[in-house]
Amino acid sequence: MKIVLATGNRGKLKEFRSMCEVDIIAFGDILGDIEIVEDSKTFKGNALIKARTIYEKLDSDEYIVVSDDSGISVPLLGNAPSVYSARYAGEGATDKDNLYKLIESIKESGVERTSAYYTASIAIVSRYGEYTVHGWMYGDVIDRAVGDGGFGYDPMFIPSGYSKTLGELDDEVKKSISHRAKALELAKPIIQMLQKY
Ligand code: IMP
């Protein structure tokens, strides 16, 4: 069984590949560009939409499709941007646009730093059914971008227990504490079980 990742996000693909011991195919390499309407109000709902859409398009029970829906939530902002993290600055926004929009929102709230957390929901769809798992990473967001490591909101996020942003910290640190890494730890045994069937 081949594992296909239902994401076009290069940052996520890079992280998945470096955290998994198995080969991961990007769905775009098989299906090309596909627009997926992620209209659920939950990470789990959107992860399932992505994985189901790609599984149906692949139209073969030889594939295990894995998707990740993730984002950042800031309690001070009513948990925004949450499931809207990829389009916080509007439809078609880039990661940089979204990062600077969140920085603006923090500044407008009159604070320099406030608590925040990342959520990752991973959905797995195969001929044997559907599974979902979650992971979280807690910390603070600050009112500026520091460092150019990671992707998305990483340059403004300081994980709990650290004094630097994920933009400054080594990739290996993020790999050991991230929301995606934690969700993937739960997803791995499921994927391994499905591969054995
Ligand atoms: P999705 O592809 O619809 O799940 O959108 C996820 C969005 O959340 C991305 O575009 C990023 O802006 C943000 N995001 C998710 N995970 C991370 C992360 O690990 N670091 C930084 N930003 C992230």
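Taking the stated definitions as given, is Val111 over 23 Å from Leu13 (Cα atoms), of a type in the set (Val, Ile, Thr) and not in a helix (DSSP H, G or I)? So Val111 fits the description; yes. Per this entry, Lys2 is counted among residues that are touching a Phe, Trp or Tyr at 6+ places or on another chain (Cβ under 8 Å), more than 14 Å from the ligand (Cβ to nearest atom) and among the charged types (D, E, K, R). Based on this model, can you work out whether Asp170 counts as under 27 Å from Tyr88 (Cβ atoms) and surrounded by fewer than 17 Cβ atoms within 10 Å (Cβ to Cβ)? Yes: the conditions hold for Asp170.
Condition test on Leu99, is it under 23 Å from Trp136 (Cα atoms), out of contact with any strand residue (DSSP E or B) (no Cβ under 7 Å at 6 or more places or on another chain) and within 14 Å of the ligand (Cβ to nearest atom)? Yes; evaluated as a whole, the condition is true for this residue. Here Arg127, Arg144 are screened, and the one residue that is under 23 Å from Asp171 (Cα atoms) and either at pLDDT below 95 or not β-branched (Val, Ile, Thr) (or both) is Arg144.
The values are calculated or read from the model by the stated rules, or taken from the named source; none is laboratory data. Computed from a prediction, not measured in an experiment: that's the story for all the values here. Heads up, the Cβs are rebuilt from the backbone with ideal geometry, glycines too, and the neighbour counts pull from every protein chain shown.
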